[in-house]
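The structure appears below as C-alpha cells.
The values are calculated or read from the model by the stated rules, or taken from the named source; none is laboratory data. Not measured: the values here are computed from a predicted model. Cβ sites come from the backbone with ideal geometry, for glycine too, and all protein chains shown count toward neighbours. Surface accessibility is based on the protein's heavy atoms, side chains included, excluding ligands, DNA and RNA. Shrake-Rupley method; radii C 1.70, N 1.55, O 1.52, S 1.80 Å.
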Amino acid sequence: MKVGVKFCGGCNPYIDRKKVMERVKNMLPPGKYKFEYFDWDDCAAFIAVNGCSLACVRYPASQKVIVVSGFEIEGKQYSEDSLASAVVEKLSALTGDKIAP
Amino acid sequence: MKTGQEYIQSLKKMKTEIYFMGEQIENILDSPYIRPHINTAAVTYDIAFEPETIDLATAVSPYTGKKINRFTHIQQDAEDMVKKSKLLRAIGQKTGTCFQRCVGWDAMNAVYSVSYEIDRKYGTKYQEKVIDFVKYIQENDYMVVGGMTDPKGDRGLPPHQQPDPDVFVHVAERRKDGIIVRGAKAHQTGAANSHEILVMPTVAMRAEDKDFAVSFAAPLDAPGVTLIFGRQTNDERKLGKLDQGNPTYGVVGGEALVIFNNVFVPWERVFMCGETEFAGMLVERFAVYHRQNYGACKAGVIDVLIGASAAMAEYNGTAKASHIRDKMIEMILMNETLHASSLAAGYESRPLPAGNYYPQTTYANITKQNITRSHYEISRLAHDIAGGLLATLPTEFDLKDPVLGPLILKYFAGAADTNTLDRIKLARLIENMTGGTSLVESMHGAGSPQAQRIGLLKNANLKQFKQMAQKICGITP
Ligand SMILES: Cc1cc2nc3c(=O)[nH]c(=O)nc-3n(C[C@H](O)[C@H](O)[C@H](O)COP(=O)(O)OP(=O)(O)OC[C@H]3O[C@@H](n4cnc5c(N)ncnc54)[C@H](O)[C@@H]3O)c2cc1C
C-alpha cells in the first residue's frame with residue numbers, strides 16, 4: 001500500500017520528525033506499506049510531518065491526510081514518544097487496514 | 001541525480017588548475033584547505049535523497065520531465081521560490097556554513113530570463129542555448145559557479161576606460177566557431193570544487209563597453225582557466241581539527257580568483273555578446289535572486305550560532321540571567337526577521353517575461369540589507385554571551401600535551417556538571433562562525449549594502465506616499 005509522506009522544511013522543529021516516521025515504519029507490518037516521498041499520485045493515505053504547530057506542509061486536496069504538527073495531531077496533544085502510535089492508529093482508520101500498534 | 005559521494009568522485013575527473021600558498025594543488029580532495037568546502041557542497045547532493053528533504057531538495061525538470069536536484073532547477077512558480085528559501089535554511093542548519101551551490105542556481109535563472117528578453121529584441125537564439133546548458137547541468141547534476149564579480153580596477157571608471165581592460169572579463173576575439181575571452185572573476189564561491197562557471201557582466205554598461213557585455217559558460221578546467229584559492233582567517237587551523245570549530249564543513253564557501261587567459265568559448269555556450277543595454281538587467285536579476293537567499297542559508301547558519309550561544313550560556317552558568325535571555329531574544333528576533341523577508345520574497349514572487357519566477361524585489365533587497373547588519377550584531381551578541389575565551393583559548397596541540405592539557409581543562413572549566421572539552425569546542429565553533437571571513441560574506445556577497453539601498457529607493461513609491469500624506473493633512477496639489 002502506497003503512503004505519501006511529506007516533511008516540512010524543519011526551520012523550527014519541536015519534534016524529531018525523522019525519528020517519529022522511523023518509529024511509524026517500525027510499527028507497520030514489514031513489506032505491506034511503501035512510503036513515497038515524491039510521487040504522491042494514488043496514495044492510500046498521506047502523512048504531513050510538520051515540526052511545529054504552524055504546519056506549513058501542503059498536501060494534495062484529494063488525499064486522506066494525517067497532519068502531524070509538532071506535538072499535535074488533528075487538534076489532540078501527544079508526547080513525542082506517543083506520536084508514532086497515534087499516526088499508526090489514524091493510518092489504520094484511514095485505510096481500513098487492521099494494524100496492531 | 002548524484003549522491004554526495006558521486007559528486008566527490010566526479011571532481012576527480014576535473015583537471016582544474018588551482019594554486020594556493022604558492023603551490024599548485026594537484027588533488028583538491030586531499031587538500032585540507034579545500035576539503036571542508038567539498039564536504040559542504042556534497043550535502044547539497046545528499047539532501048536530495050533524504051526522505052525528510054526530498055520534497056524540498058528535488059524538482060521535476062520542465063525540459064526532461066525527470067526528477068532533478070533543485071539546485072539545477074528553473075523556478076516555475078511561487079512554491080518553488082518558497083521551497084528554495086526553506087531548503088537553504090535546512091542545509092544551513094546541517095552545515096553551519098555556506099554550501100556554495102545557490103550562486104550558480106541563481107545565475108542560471110537570471111541568464112535564462114535575460115536571454116529571452118535579448119532574443120525578443122534582436123531575434124537572437126540565446127535562450128535555446130541557455131536551455132541546452134541547463135539540461136546538461138540537470139542531466140549530470142553538476143555544480144555551477146555564479147561568476148558575476150569582476151576585479152573592476154578603478155570603481156569610478158566604466159570597463160572600456162580602465163587602463164587595463166582585463167579587470168573586466170571581455171571578448172578578446174570573435175571567431176567563426178566562438179569567442180576568446182580574457183579577464184577574471186573575483187571571490188568565486190565554490191570555484192575549486194565546481195564543474196562549470198556561468199559568467200555574467202558585473203555592472204550596467206553603455207555602447208562603448210560592447211566587448212565587456214558578455215555572458216557564457218565554461219568548464220572550470222577549460223584550457224586557459226586558472227584559479228588562485230583565497231586565504232581564510234582559519235587556514236592554519238585546517239591543519240588540526242578542534243580549533244577549526246566546524247572541522248567537517250569549514251567557514252564560508254572557499255572563494256577563488258578565476259582567471260580567463262584567452263579562453264575559447266564555443267558559440268553554443270555564449271548567452272550574451274555585445275548587447276550592452278541588457279548588462280544592467282542581468283546584474284539586477286542575478287542580484288535579486290541571490291539576495292533572497294541571505295535570509296535562508298544564513299538563517300540556518302545563524303540557528304546553529306544561536307544554539308551554540310545558548311549552550312555556551314549553560315556551560316558558563318549564565319543561562320538564566322535576564323540579560324542573557326534578552327540577548328537570545330534579540331538574536332532570534334533578527335534571525336526570524338531575516339527568514340520572514342526571504343519567505344515573503346518567495347511568496348510574493350512573480351513570473352518574468354521568460355516565464356520563470358522572480359523574487360519580490362524589495363523584500364529580497366531588505367533581506368540582504370538586513371543581513372549586512374544583523375549577522376554582525378548577532379555575532380556581537382554571541383561574543384558577549386560566550387566570553388573572552390573565544391579570543392584567548394590555548395591551541396588544541398597544548399590541550400593534547402600530558403602536562404598542559406589537564407591544566408587547560410582545569411582553568412577553562414565552566415559550570416559544575418559541564419564538560420570542559422565540550423565548552424572549548426563550542427567556543428571554537430562560535431569563534432570561527434563569527435570571524436572575519438564569515439562576516440564579510442554577509443556584507444558583500446550579492447552586492448555591497450549600497451547596492452540594495454539604491455534598489456530600495458528605486459522601487460519605493462514615494463510619489464504615492466507623498467500624496468497619501470498630503471491628502472490626510474489637507475494639502476491640495
Ligand atoms: C565571501 C564572498 C563570496 C562571494 N561570492 C561570490 C560569487 O560566488 N560570485 C560572484 O560573482 N561574486 C561573489 N562575491 C563578490 C561580491 O558580490 C562582491 O564582493 C560585491 O559585489 C562587492 O564588490 P567588491 O568586493 O569589488 O567591492 P567594491 O565594489 O569595491 O565595494 C567596496 C565599497 O565601495 C563602494 N563602491 C564600489 N563601487 C562604487 C562606485 N562606483 N561608486 C561609489 N561607491 C562604490 C561599495 O558600495 C562599497 O562600499 C563574493 C564576495 C564575498 C566576500
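Summary table below
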{"item": "Neighbour net charge for A:Cys43 - beta-carbon separation under 10 angstrom, K R +1, D E -1", "result": "-1"}
{"item": "Total accessible surface hidden between B and A, rounded to 100 Å², 1.4 Å probe", "result": "1200 Å²"}
{"item": "Which of B:Trp267, A:Trp40 is most accessible, then next, and so on - probe 1.4 Å", "result": "B:Trp267, A:Trp40"}
{"item": "Computed over the protein assembly as shown, Kirkwood Rh from alpha-carbon pairs, angstrom", "result": "25.6 Å"}
{"item": "In the range B:198-278, the trypsin sites (Lys or Arg not before Pro) that fall in loop regions by DSSP, at most 16 other Cβ within 10 Å", "result": "B:Arg206, B:Arg231, B:Lys241"}
{"item": "Averaged over B:52-65, number of beta-carbon atoms from partner chains that fall within 10 Å", "result": "3"}
{"item": "When each of A:Lys32/A:Lys90; A:Lys25/B:Lys86; A:Lys76/B:Lys94; B:Lys12/B:Lys238 is checked by Cα-Cα distance, pairs over 23 Å", "result": "A:Lys25/B:Lys86; A:Lys76/B:Lys94"}
{"item": "Residue-span extension gain [B:Lys400 to B:Leu29] - 0.36 nm each, minus C-alpha spacing", "result": "130.8 nm"}
{"item": "Order of exposure, largest accessible area first, which applies to B:Tyr358, B:Tyr63 with probe 1.4 Å", "result": "B:Tyr63, B:Tyr358"}
{"item": "Spatial separation of Cα centroids for the range B:198-237 and the range B:277-304, in angstrom", "result": "18 Å"}
{"item": "Solvent-accessible area, 1.4 Å probe, carbon plus sulfur percent, for the range B:307-401", "result": "56 percent"}
{"item": "Simple spin-label estimate for A:Asp39 and B:Val60 in nanometres, 7 Å along Cα-Cβ", "result": "1.0 nm"}
{"item": "Within the range A:2-95: Cβ-based charge dipole about Cα centre, in debye rounded to nearest 20 (Lys, Arg +1; Asp, Glu -1)", "result": "120 debye"}
{"item": "Shielding by other protein chains, B:84-97, mean Cβ within 10 Å", "result": "2"}
{"item": "Within the range A:2-95, percent of DSSP bridges classed antiparallel, to nearest 5", "result": "25 percent"}
{"item": "For the range B:282-468, with +1 on Lys and Arg beta carbons and -1 on Asp and Glu, the positive-most of B:Ser322, B:Leu352, B:Leu421 along the dipole", "result": "B:Leu352"}
{"item": "Separation in nanometres of the label points that stand 7 Å from Cα toward Cβ, at A:Glu22 and B:Arg174", "result": "6.1 nm"}
{"item": "Per residue, in Å², the accessible surface of the protein assembly as shown once ligands and nucleic acids are set aside, probe 1.4 Å", "result": "43 Å²"}
{"item": "Cα-based Lys pair tally, the range B:282-468, threshold under 19 Å, eight or more apart or on separate chains", "result": "7"}
{"item": "Sites matching trypsin sites (Lys or Arg not before Pro) across chain A that sit in DSSP coil, with at most 12 neighbouring C-beta atoms within 10 Å", "result": "A:Lys32, A:Arg58, A:Lys98"}
{"item": "Per-residue average of Cβ from other chains inside 10 Å of A:33-44", "result": "2"}
{"item": "Separation between Cα centres of the range A:1-52 and the range B:389-454, rounded to whole Å", "result": "38 Å"}
{"item": "Mean Cβ neighbour count within 10 Å, used as a protection proxy, ranking B:171-183, B:408-420 highest first", "result": "B:171-183, B:408-420"}
{"item": "Mean Kyte hydropathy of 0.5 or more with a Cα span along the axis of at least 24 Å, helices from DSSP in chain B", "result": "B:297-316"}
{"item": "Apportionment of accessible area to carbon and sulfur, the range A:2-95, percent (1.4 Å)", "result": "49 percent"}
{"item": "Accessible surface of A:Phe38 - all protein chains present, 1.4 Å probe, nearest 10 Å²", "result": "50 Å²"}
{"item": "Within the protein assembly as shown, percent of DSSP bridges classed antiparallel, to nearest 5", "result": "65 percent"}
{"item": "Cβ charges +1 (Lys, Arg) and -1 (Asp, Glu), total dipole of the range B:79-143, debye", "result": "240 debye"}
